[in-house]
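So the structure is just underneath, and the comments pick up after that.
The values are calculated or read from the model by the stated rules, or taken from the named source; none is laboratory data. The structure presented is a predicted model; accordingly, all values stated were derived computationally and were not measured. As a convention, Cβ positions derive from the backbone with ideal geometry for all residues, glycine included, and neighbour counts pool all protein chains shown. Protein only, heavy atoms only, side chains kept; ligands, DNA and RNA dropped before computing areas. Shrake-Rupley method; radii C 1.70, N 1.55, O 1.52, S 1.80 Å.
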Amino acid sequence: QVQLVESGGGSVQAGGSLRLSCAASGRTISTYVTAWFRQAPGKEREFVAAISWTGVSTNYADSVKGRFTISRDNAKNTVFLQMNSLKPEDTAVYYCAADRRLSIATLTSAYDYWGRGTQVTVSS
């Protein structure tokens, strides 16, 4: 079993930055595709970014391209999401997800392991 714990959320003003971390335990996720999703109040959970287990391949939602960067440190069993130029519409609970799959996926159903989320609030 893999346990995922997100951290780094908080409240920032528009234009600010935050760095989210997702620490895995129970098993190494060095061979797992890992992703970030988010869910705003009253909305469905949506894909934000994903990274292959090698770290070579990444994929981003159009809404965050050029502003967010996903990365991983397999030695620390941790995945990161650097969020710059934050906008009020980025306000949501951010979830880390992982799956032992061969390729990046953008659907929530593709991931077996989920964290409990961390709140990000961006004020205008």
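Of everything in the range 15-36 that is buried (at least 17 other Cβ atoms within 10 Å of the Cβ) and polar (S, T, N, Q), the residue that is farthest from Ser52 (Cα to Cα) is Ser21. Residue under question is Arg101, and the condition is that it be open to solvent by 10 Å² or more (accessible area, probe 1.4 Å), closer than 23 Å to Gln1 by Cβ, outside any strand (DSSP E or B) and at pLDDT 95 or above; does it hold? In short, no.
The residue pairs whose first member lies in the range 14-30 and is more than 11 Å from Thr118 (Cβ to Cβ) and free of Cβ contacts under 8 Å to residues at least 60 places away in the same chain, whose second member is among the basic types (Lys, Arg) and open to solvent by 30 Å² or more (accessible area, probe 1.4 Å), and whose beta carbons are closer than 9 Å, counting only pairs six or more residues apart or on different chains, are Ala23/Lys76; Ser30/Arg72. Here the condition is being part of a strand (DSSP E or B) and either under 13 Å from the mean Cα position of the chain (by Cα) or at negative phi (or both); of Thr69, Thr28, Thr54, Thr106, it holds for Thr69 alone. The set of residues in the range 72-103 being more than 15 Å from the chain's Cα centre (by Cα) and hydrophobic (A, V, I, L, M, F, W, C) consists of Ala75, Leu102. Within the range 109-124, residues that are under 16 Å from Gly8 (Cα atoms) have Cβ atoms under 9 Å from residues that are of a type outside the set (A, V, I, L, M, F, W, C) and open to solvent by 70 Å² or more (accessible area, probe 1.4 Å) in these pairs: Gly115/Gln3; Gln119/Ser11; Val120/Ser11; Thr121/Ser11; Val122/Ser11; Val122/Gln13; Val122/Lys87; Val122/Glu89, counting only partners at least 6 apart in sequence or on another chain.
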